[in-house]
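Presented below is the structure to which this report refers.
The values are calculated or read from the model by the stated rules, or taken from the named source; none is laboratory data. All figures in this text were calculated on a predicted structure; none of them were measured in a lab. Because the Cβ atoms are built from the backbone with ideal geometry, glycine has one as well, and the counts that use them run over all protein chains shown. Ligands, DNA and RNA are excluded from the accessible area calculation, which covers all protein heavy atoms including side chains. Shrake-Rupley method; radii C 1.70, N 1.55, O 1.52, S 1.80 Å.
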Amino acid sequence: MNQVVEVGGVNLTLASQDESKGDWIGQREVITELLACWLVVDKQDFPLSPRIVGTPGIGKTTLAMAAARLRQQELYIYQCTADTRPEDLLVSPVLADNGQIRYHASALVTAMLRGGVCILDEGNRMNEKSWASLAPLLDHRRYVESIVAGITIHAHPNFRCAVTMNDDESTFEIPDYILSRLQPTLTLGHPARQDEMAILKYHLPFASDEMLNLTVEFLQQSHELRLDFSTRDGINTLRYALKRLAQDPSHPVSQDQVWREALLKCLGEEATDLATLAKKRSQSLGGNAVPMGLGDFFFDADDPMHPDADLDDDDFDDDEDLDDDDDGEVDDRR
């Protein structure tokens, strides 16, 4: 049964902590930076609430989870969505069996009261109204006000917070007054080959070396080509391939063939030809496209009347002939 605490005369039922594993492999610098954000160096100092930015599936949440485990603190995760309301973030009223209203504290408020770590996951999917309710928590005041319960909740001195943000277009723009509170920005990149292999072995220790090498090679090529296939994509592809092999072990099919079929099913046909996909992405972003000028709207590129058309010597000779009168004299009426 969840713990109940009293705040300002109101009983709050606390949320459950996250018990999942959160080991971190490789990229030691970024986890050191995150732990530094949560340090307090003086009694007048207070911890920072950094934002962890990177592409989906790269390990941002795992990074924050691992940092909380290293600090040996309780971990709470709040999943932000486009329809998250301020009361969802803080305190929600629930109708009990006896017809009375009970108040449930969110994962964030529970972490505040328990002195734990809260990860606001995918924070840039949340609207401004919800972010506004957290403004006093994210600066030196360190409290929130629940309009629903009519109470002010102060954060425990050990409370720590981090926000993960996906680096893609399906997000809200966070207002500057919130971004100024979510500092510094910790950017998480794709892991190196050795680290990525270690991550795959950690999650799928029962995979064969051949399957692991196929997956790592694919991921490293996609990283080099700046494509958005993540380590999570590799794990899911490899996991499905292993399930297909286990489904009918007597079937005489190569691991290579099964892995490629899994790649097609999980990531789509484009993933089977990374070079072509990279070229398409580059062209769609204007990587190899020539900027259009005004003349492009009126003339074909090979039209001699196009302002940028290359004119050869014969073209100039024809123009000179037009300037000559029949008597051989040059017409100077210009």
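Computed across region 22-162, the Kirkwood radius stands at 15.9 Å (inverse of mean 1/r, all Cα pairs).
Gain on full extension, evaluated as 0.36 nm per residue between GLU224 and GLN72 minus their Cα-Cα distance, stands at 51.1 nm. Residues ARG226, ARG51, ordered by accessible area of protein heavy atoms at a 1.4 angstrom probe radius and largest first, appear as ARG226, ARG51.
The calculated pair-distance distribution of region 36-115 uses every alpha carbon pair, bins of 5 angstrom beginning at 0, and gives 3, 11, 15, 21, 19, 14, 8, 5, 3, 1 percent. When PHE46, PHE159 are compared by accessible surface with a 1.4 Å probe, the order from highest to lowest is PHE46, PHE159.
Partner lysines whose Cα lies under 25 Å from the Cα of LYS280, excluding those fewer than 8 positions away in the same chain, are identified as LYS265. With 22 Å as the limit, the listed pairs LYS21/LYS201; LYS60/LYS201; LYS60/LYS243; LYS21/LYS43 have LYS60/LYS243; LYS21/LYS43 beyond it between alpha carbons.
The packing ranking of peptides 116-127, 22-33, highest mean first, is 116-127, 22-33, where packing means the average number of other beta carbon atoms within 10 angstrom of each residue.
I need the Kirkwood Rh of region 158-264: take the reciprocal of the average 1/r across all distinct C-alpha pairs and report it in angstrom.
Values: mean 1/r = 0.0612 Å⁻¹.
One over the average 1/r among Cα pairs gives 16.3 Å for region 158-264.
Normalised Debye scattering of region 162-209 at q = 0.28 Å⁻¹ gives log10 I(q)/I(0) of -1.10, counting only Cα atoms as equal scatterers and leaving out solvent.
Would you please give the FRET efficiency between ASP176 and LYS201, computed as 1/(1 + (r/R0)^6) with r the Cβ-Cβ distance and R0 = 35 Å, to the nearest 0.05? E(calc), rounded to 0.05, equals 0.25. Extension gain for ASP273 to ALA135 (0.36 nm times residue separation, less C-alpha to C-alpha distance): 45.1 nm. For the residues MET211, MET197, MET1, a 1.4 Å probe over the protein chains yields an accessible-area ranking, largest first, of MET1, MET197, MET211.
Relative protection proxy for 89-95, 39-45, from highest mean packing down: 89-95, 39-45 (other beta-carbon atoms within 10 angstrom).
Using 0.36 nm per residue of separation minus the Cα-Cα distance, give me the extension gain between ASP97 and THR81 in nm, one decimal.
2.9 nm
Distance between the pseudo-spin-label points of VAL41 and GLN194 (7 Å out from Cα toward the beta carbon): 3.1 nm. Over region 120-181, with a single point scatterer placed on each C-alpha, what log10 of the ratio I(q)/I(0) does the Debye formula yield at q = 0.17, 0.28 1/Å? Results for region 120-181 at q = 0.17, 0.28 Å⁻¹ read -0.64, -1.29.
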